[in-house]
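Participant: My questions will all concern the structure given below.
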Amino acid sequence: KKQRIFGVAKNSLSTHCSPVYSYPIPSTLTDVEAATLPVVYLTSYYALFHKANLTKGQSVLIHGGTGGVGMAAIRLAQSHGLIVYTTCSSPKRQYLKDMFDLKDFQIGDSRSDAFVQTVLKGTGGCGVDAALNQLSGPLQVATLRCMAPGGHFCEIGKYDIMQNTALGQGLLAANISFHAIDLLPLLEDPGNKGFWD
């Protein structure tokens, strides 16, 4: 009997492929539902636990909490005992509260830098241990202001990277690590092994 699997592979628009990362599809998911999971969960897992090395009790700011990567990151963060702060547009706040049992003090506005005060107030002025960022320009800089000393800034957005946007390095002075998260190099390196949770 053939097993249904989902995953990530190079040159996978074919009848056969060799996945770099794969996982059996649970019987509760359709093939279409399963196809939505690998990239968002692998991106989130790689950023939060491989690059930022987060552990239970640490805090994370996840931008775009109602998007695919945002929801995957929140789910992973909660399953690992992390303290979650997230952002979204105002009409989507209730969805995050219902879906993830988040409280108002954990949800900031994704359309302005008001989320900085949400995060700093929620962390007692300390900032978060990691940020999963997809905001660009001034909102990227605002996110860096949310970082705790020694924190990890994980950039999944491509706009500022592709534009080679300047970043004030003083924002990294408190031993902040900046990680550009990109799955393509992982697929191109044959030495990579799957690290599904």
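Participant: Can you tell me which residue within the stretch 71-80, out of those that are free of Cβ contacts under 8 Å to residues at least 60 places away in the same chain and under 18 Å from Q134 (Cβ atoms), is surrounded by the most Cβ atoms within 10 Å (Cβ to Cβ)?
Facilitator: Step by step, filter the stretch 71-80, then rank; the result is A73.
Participant: Let me ask another. Kindly indicate the residue of the stretch 88-102 that is farther than 23 Å from Y45 by Cα and among the hydroxyl-bearing types (S, T, Y) and also most open to solvent (accessible area, probe 1.4 Å) among those meeting that condition.
Facilitator: Among those that are farther than 23 Å from Y45 by Cα and among the hydroxyl-bearing types (S, T, Y), it is S90.
Participant: Still on this structure: Name every residue in the stretch 21-34 that is small (G, A, S) and surrounded by fewer than 16 Cβ atoms within 10 Å (Cβ to Cβ), in order of residue number.
Facilitator: S27
Participant: Moving on. Considering only the stretch 46-89, state which residues are aromatic (F, W, Y) and modelled with pLDDT of 95 or more.
Facilitator: F49, Y85
Participant: Also: Please find, within the stretch 134-154, the residue that is nearest to Y46 (Cα to Cα) out of those that are touching a His at 6+ places or on another chain (Cβ under 9 Å) and open to solvent by 10 Å² or more (accessible area, probe 1.4 Å).
Facilitator: So the residue we want is H152.
Participant: Within the stretch 155-183, how many residues are open to solvent by 30 Å² or more (accessible area, probe 1.4 Å) and assigned to a helix (DSSP H, G or I)?
Facilitator: Qualifying residue count for the region: 7.
Participant: I need a count of the residues in the stretch 103-133 that are open to solvent by 10 Å² or more (accessible area, probe 1.4 Å), assigned to a loop (DSSP other than H, G, I, E, B) and at pLDDT 95 or above.
Facilitator: Number of matching residues: 8.
Participant: Could you tell me whether the stretch 115-134 includes any residue that is among the aromatic types (F, W, Y) and over 26 Å from V39 (Cα atoms)?
Facilitator: For the stretch 115-134, residues among the aromatic types (F, W, Y) and over 26 Å from V39 (Cα atoms): present.
Participant: Just checking, how many residues over the stretch 1-20 are within 13 Å of A34 (Cα to Cα) and open to solvent by less than 70 Å² (accessible area, probe 1.4 Å)?
Facilitator: 3
Participant: Select from the stretch 35-63 the residues that are open to solvent by 20 Å² or more (accessible area, probe 1.4 Å), closer than 14 Å to I156 by Cβ and more than 9 Å from the chain's Cα centre (by Cα) and list them in ascending order.
Facilitator: Across the stretch 35-63, the qualifying residues are V39, H50, K51.
The values are calculated or read from the model by the stated rules, or taken from the named source; none is laboratory data. Note that the structure is predicted; figures quoted are calculated from it, not measured. Ideal geometry is used to build each Cβ from the backbone, glycine not excepted, and the neighbour counts take in all protein chains shown. Only protein heavy atoms, including side chains, enter the accessible area calculation; ligands, DNA and RNA are left aside. Shrake-Rupley method; radii C 1.70, N 1.55, O 1.52, S 1.80 Å.
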